[in-house]
Amino acid sequence: MTEQVRVAVVQAEPRWLDLAAGVDQVVGLIADAAAGGARLIAFPETFLPGYPWWIWLDSPAWGMRFVPRYSEQSMTRDGAEMTRIAAAAAEHGVHVVLGFSERAGGSLYMAQAFIDDAGRVLSVRRKLKPTHVERSVFGEGDGSDLQVHDTKLGRLGGLNCWEHFQPLTKYTMYSLGEQIHVGSWPSFSVYRGAAKALGPEVNNAASLVYAVEGQTFVLAPCAVVGEAAHELFCDTEGKKQLLLQGGGFARVYGPEGSELAEPLGETEEGLLFADLDFSLIAIAKSAADPVGHYSRPDVFRLQVNFSPNPRIVHSGAEFEDVEPVVVEVD
């Protein structure tokens, strides 16, 4: 890969718990990215229908008021909304990595959809382990969700939020030969000052380290918490202090640690554009390739199960081939 690739990274407030309005927003941002010359646009974690901030602010009982609406407004991987987003990708000739809450049966998952510039949904992956109170809302992915796609832009992969603090997950992704990585974040707004690990300094550092460790470009989209979020999630002044407005810290990092886009202010909404020069990957890997010449397989090896782990496996005779049992009752 020798040409430069222009990319766009989203920093915006979602249309909270309103899937139709959120899809309109996503389609508009895809058009804006194409107008700016981008061939790939990356969206924050669970951008549709927005991150469930209530889980950090009060008791599970208080948060139940949001559950039916959040489930209803979550998106399936094969419904009309995904079809419309894929059509927008094809119309504008833009690859899309979209963070969304996936509804599958009665469960929700923190998903990322990979859509190419012809409108093909290449895959939908799920976050392997939702973080802390996220597990009260979302289920887990499996080994099949560790994936990197060959595209005309390069080898494209992605992870959500604190998956970037799971060393074995990261090492697996590095081994798959990523060249462009989308690290999606929900906003760095909650518990600011009280929990450093949830703030922008630590989490942007995770994106930067991922770029340098994996010798890959890292696109780190990040959502914004605005007045609309406060009106929805914060019914007391105390909750407004737990979930501050702002939190937008989108970034783009090069494989040798350079910052490739001018950041927006944390309350600003828009797109970060960056031009990726793939020659930087070779330069970075010449110094340290932890899955290649900088590894010690005689000392350390990683075993990975890439197989899907379905909840139900049907075996034996097909149901339609089994004669029904008739029981007569007097």
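Read the figures in this text as sums done on the coordinates, not as results from a lab. Values in this document were obtained by computation on a predicted structure and should not be read as measured data. Ideal geometry is used to build each Cβ from the backbone, glycine not excepted, and the neighbour counts take in all protein chains shown.
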| request: Net charge near Leu159: determine it from the other residues with C-beta under 12 Å of the C-beta of Leu159, scoring Lys and Arg +1 and Asp and Glu -1. | output: +1
| Least to most buried among Glu163, Glu269, Glu13 (fewest other Cβ within 10 Å first) | Glu269, Glu13, Glu163
| task | Just rank Cys222, Cys161, fewest to most, by other beta-carbon atoms within 10 angstrom. | result | Cys161, Cys222
| query | Each residue of region 61-73 in order: what ³J(HN,Hα) in whole Hz does its phi give by Karplus 6.51 cos²θ - 1.76 cosθ + 1.60, θ = phi - 60°, with x for Gly and Pro? | reply | 4, 4, x, 4, 4, 8, 4, x, 5, 5, 5, 4, 8
| Taking neighbour counts of Cβ atoms within 10 Å as a proxy for exposure, in what order, fewest first, do Ser207, Ser307 appear? | Ser307, Ser207
| message | Amide H of Gln179 versus every other amide H placed in the peptide plane: which residues, excluding those fewer than 5 positions away on the same chain, fall under 5 Å? | response | Arg155, Leu156, Gly157
| note | Excluding residues fewer than 8 positions from Lys170 in its own chain, the lysines with Cα under 27 Å of it are Lys127, Lys129, Lys152, Lys196, Lys285
| note | Karplus ³J(HN,Hα) for region 83-94 (6.51 cos²θ - 1.76 cosθ + 1.60, θ = phi - 60°; Hz, whole; x = Gly/Pro) runs 4, 5, 5, 5, 5, 5, 4, 5, 4, 9, x, 10
| Beta bridge orientation in the chain: antiparallel %, DSSP, nearest 5 | 65 percent
| query | Per-residue HN-Hα couplings for region 168-185, Karplus 6.51 cos²θ - 1.76 cosθ + 1.60 at θ = phi - 60°, whole Hz, x for Gly and Pro? | reply | 6, 4, 4, 4, 4, 5, 4, 5, 8, x, 4, 10, 10, 10, 9, x, 8, 10
